Amino acid sequence: MFIKIGYEIIFDLPAPVAMQLMLRVHPSRQNDVRREQIIIEPEVSVETYLDAFGNQCERVAAPKGRFRLWSDAVIEDSGLPDAVVPNAIQHPVEHLPSDALQFLVSSRYCEVDKLSPIAWELFGQTQPGWSRVQAICDWVHAKVKFGYPHARWTKSSIDVYIERAGVCRDFTHLAVTLCRCMNIPARYVTGYLGDIGVPISSAPMDFSAWFEVYLGGAWHTFDARHNQRRIGHLVMARGRDAVDVALTTSYGPAPLEKFTVWTDEVKNWQE
């Protein structure tokens, strides 16, 4: 399967500002990209690097005025829904790889210390492993109402638990935190997710957030917002929470003028 992905983001900058961009497909999927066009207007110098989580980042010095970021690409995907591995075991903490431990502790939006008693009360009797993560997804999906008016940048997992409303990043923060409370490493993921294999949504296309857990010696995809195995989860960045995977970070005022994302299956595409 081939999927056309891209975005157009336009800022109206009142003054020059340094920006960090995390808008590329994750390095682990770069070999699947068959065509990629990227335009930055006006043209500026770009410094590319990998961050501590292995995400591809770019630094730019954006000038005052209209600053446009545009990309259009085609990526090859298996066309299969996210894998289901019901026998994936939960590892004792002492047997986890060292690099997974950072995904067990509290982070900016995932307050493990505040939610641990609640998590153990809700999920302490569930079967450890895949079933426990699925139970967490089922609970978050059922208890949290989706809606863009409920979004705010300061909302953390404890806020989502109390308010029971939010957008995909809020569903993900709460599910990630509950998994960590139960000693299951969980990391936040952002990327593309189109309406492939499901009814087309009337909502504007956007980037999406989901999460991965470490079970049975591997990382597995879960999505508390949709709570179903989906086709076309295309990773752009991974981290502890939304702080680590911000698609654009501006070190100064950067009013947004336009934001458009596209993710569509391409029929009969040839290189």
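Given points 7 Å out from each Cα along the Cα-Cβ axis, report the THR249 to VAL105 separation in nanometres with one decimal.
In this crude label model, THR249 to VAL105 measures out at 1.9 nm.
Could you tell me the calculated FRET efficiency between ASP72 and GLU47, based on Cβ-Cβ distance and R0 = 22 angstrom, to the nearest 0.05?
0.45
Pulled fully out, how much extra length does the chain show between GLU257 and ALA142, if you take 0.36 nm times their separation in residues and subtract their Cα-Cα distance?
Length gained, GLU257 through ALA142: 38.0 nm.
Run the accessible area of the chain with a 1.4 Å probe and give the carbon-and-sulfur part as a rounded percent.
About 52 percent, which is the carbon plus sulfur part of the accessible surface.
Mind checking the per residue accessible area of the chain for me, 1.4 Å probe, whole number of Å²?
Counting only protein heavy atoms, the per-residue value for the chain is 47 Å².
Stretch TRP269-GLN127 to full length: gain in nm at 0.36 nm per residue minus the Cα-Cα span?
Fully extending the segment from TRP269 to GLN127 adds 46.7 nm.
At 7 Å along Cα-to-Cβ for each site, give me the label-to-label distance between ALA15 and VAL85 in nm.
Simple spin-label model gives 5.0 nm for this pair.
Based on alpha-carbon centroids, what's the gap between the stretch 145-192 and the stretch 1-56 in Å, whole number please?
Cα centroid of the stretch 145-192 versus Cα centroid of the stretch 1-56: 25 Å apart.
For LYS155, which aspartates and glutamates qualify as cross-link partners when the Cα separation must be under 13 Å and same-chain residues fewer than eight apart are set aside?
GLU111, GLU163, ASP170, ASP241
Sorted by accessible area with a 1.4 angstrom probe, largest first, how do LYS114, LYS4 fall?
LYS114, LYS4
Starting from 0.36 nm per residue, how many nanometres of slack lie between MET205 and ARG229 once their C-alpha separation is accounted for?
Stretched fully, the MET205-ARG229 segment lengthens by 6.8 nm.
Tell me, what is the percent relative contact order of the stretch 134-247, built from C-alpha pairs under 8 Å that lie six or more residues apart?
Here the relative contact order equals 28 percent.
Taking Cα pairs under 8 Å and at least six residues apart, what relative contact order does the chain come out at, in percent?
After rounding, I find 30 percent.
Helix by helix through the chain, keep the DSSP H runs that span 18 Å or more along the axis on Cα and average at least -0.5 on Kyte-Doolittle, and give those back in order.
Length and hydropathy pass: 130-143, 168-181.
Give the residue list of GluC sites (Glu not before Pro) in the stretch 26-106 that are DSSP loop and have at most 11 other beta-carbon atoms within 10 angstrom.
GLU43
The values are calculated or read from the model by the stated rules, or taken from the named source; none is laboratory data. In this text the structure is predicted, and so the values were computed from the model without any measurement. Note that we place each Cβ from the backbone using ideal geometry, even for glycine, and neighbour counts take in every protein chain shown. We work out accessible area using only protein heavy atoms, side chains counted, and drop any ligands, DNA or RNA first. Shrake-Rupley method; radii C 1.70, N 1.55, O 1.52, S 1.80 Å.
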